[in-house]
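Here is the structure we will look at.
Values quoted throughout were computed directly from the atomic coordinates according to the rules given, and no laboratory measurement underlies them. Remember, predicted model here, so these are calculated numbers, not experimental data. Ideal geometry is used to build each Cβ from the backbone, glycine not excepted, and the neighbour counts take in all protein chains shown.
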């Protein structure tokens, strides 16, 4: 009997080994200390690149390279000392010019360009290995409900005007909307009409000597829906903000009814991370009131007319806006900049959801030719001691980022014109597309894993892999001789393929993941032990070496498959029911099982066939 493989099997094995080495290699190159510059509104372009280069050259700071990406600028350095110096200088110069610049420290993969073009990138390292920051953030659900009621307040006013129902006042607070009417008959008529239109509310009527009242509060289903929308939109917006920090593999997931867990591995500037994530921003569309003379008078006297509020534009000039909100940023589903075909001036095309489109159409139909403003609102929280007790204080900063004239009735899609340049149009579109937090968020818990602790975890984790790997190699070489050396070669290839697959999938490696690798090493060599012991048993039974090799691989396969399938089932269950690190362990273990089956059976058989397959062998070195 002759044991040999067809040429195509060796070719397939060679291709697998080649690509395994290519996709595992990026993990050997490490990372470069880097400074990432981005802008909350504008795209970074060549002028900022030249400016940053001039800053570094003027300060005598040595840098390795400057890369201009789609949304940010990244400067690489040879050591962390230069990185810190550069970060300080760049932040000082740029943020004095525009506070919306974001300057963050991070670690950038040092993978060669030709590998990156093949999508050969290193594995991501989890928070426990790389260091970084962990935040637990709480959504201010009271503010979410309050904003929802404010939007409904404006809709109710417009609806009653359209039905010619006279009302005295419509006011909302944090729990309900209160409608006041001059008579009970008008109130009852209004109640019939409003109940049919606003089905998400529970209605309660009351009266006094001269007025009739309707109290509207969200029903339990609508209340739950609003809370769900608030946390889902906030998670989506947080993902966009994390991009400013250049985090390779952030973890952003919901926890409970109103909390979100954010983990940012590799972030060195934790203070900046906290500033970016903790800042809450929303957009509002409001009608402009009066003209520049009225605005200046209101600013000089500090008193705005009834029903209006004084704001500042980005250039610090005043503008009076009506208190009634048309739509908010959470109702925008798309935005794109372009050129208006009629006036050949820059514009931004906005796409609203159905609810926002109806509201925008109703308001703008009656305001053609009048200016409308876009307000950027940011809520900030801080803890202050009040009467000896530490309390959470919220401050709100509002700024008008755009004022444009309404040319026609607007609906689902409309244009914002009156912009000074194509750059301003592009910036506004980017801001609108980025989305707004539906409700403010507060950081209630913060944990930082230092880079030194992460490095220590990596050192110990990989030391455990090396010790386990070396011990197995030594045992196999002594106990099984030539066959043991073949198994060692297959075991090495198994590790390479495992790392390659994890890198190709851009999986995140954590300490439990390293535990999965160590376990995989033991399981991979276990398959070879079963095969080799079966071969020895066949030899003791008097079979020829070639027949023993054939029978050993054939008869051991069933046992190996059974053992690995049961372990794979356990790994799948762990992945399905586990969270975070447990999922990482399950993924590593699952991939390791599959690669070990390939290398322990197919790989070693191919090498054994090369050594013994074409020879008249009388004895095996096993």
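Taking the convex hull of the Cα atoms, report for the stretch 114-197 its projected area averaged over all directions, in nm².
11.4
Quick one: angle between helix 80-97 and the longest Cα principal axis of the chain, in degrees between 0 and 90, rounded to 10, please.
Roughly 20 degrees, rounded to the nearest 10.
Taking R0 as 60 Å, what FRET efficiency do you get between residue 215 and residue 619 from their Cβ-Cβ distance, rounded to the nearest 0.05?
The pair residue 215/residue 619 has a calculated efficiency of 0.05.
Let me have the 222 nm mean residue ellipticity of the chain computed from DSSP H runs of 4+ only, each contributing -39500 (n - 2.57), with the sum over all residues rounded to the nearest 500. Numbers along the way, then the final one.
Values: 17 runs with 305 residues, N = 622.
Helices in the chain give a 222 nm mean residue ellipticity of -16500 deg cm²/dmol.
Measure off 7 Å from each Cα along the Cα-to-Cβ vector at residue 7 and residue 253, then give the distance between these two points in nanometres to one decimal.
Computed distance between label sites residue 7 and residue 253 equals 5.0 nm.
Only Cα pairs under 8 Å and at least 6 apart count here; give the relative contact order of the stretch 142-223 as a rounded whole percent.
Working: 114 pairs, mean separation 21.7, N = 82.
Rounded, it is 26 percent for the stretch 142-223.
Could you work out the Kirkwood radius for the stretch 31-109, taking every pair of different alpha carbons, averaging 1/r and inverting it, reported in Å?
Roughly 12.3 Å, rounded to one decimal.
From the Cα gyration tensor of the stretch 113-155, with a ≥ b ≥ c the square roots of its eigenvalues, which class applies: rounded if a/c is under 1.5, or else prolate if a/b is larger than b/c, or else oblate? Numbers along the way, then the final one.
Numbers: a/c = 8.81, a/b = 2.33, b/c = 3.78.
Here the stretch 113-155 falls in the oblate category.
For the stretch 162-218, place one equal point scatterer on every Cα, skip the solvent, and apply the Debye formula. What is log10 of I(q)/I(0) at q = 0.14, 0.17, 0.20 Å⁻¹?
Calculated log10 I(q)/I(0) at the listed q: -0.33, -0.49, -0.68.
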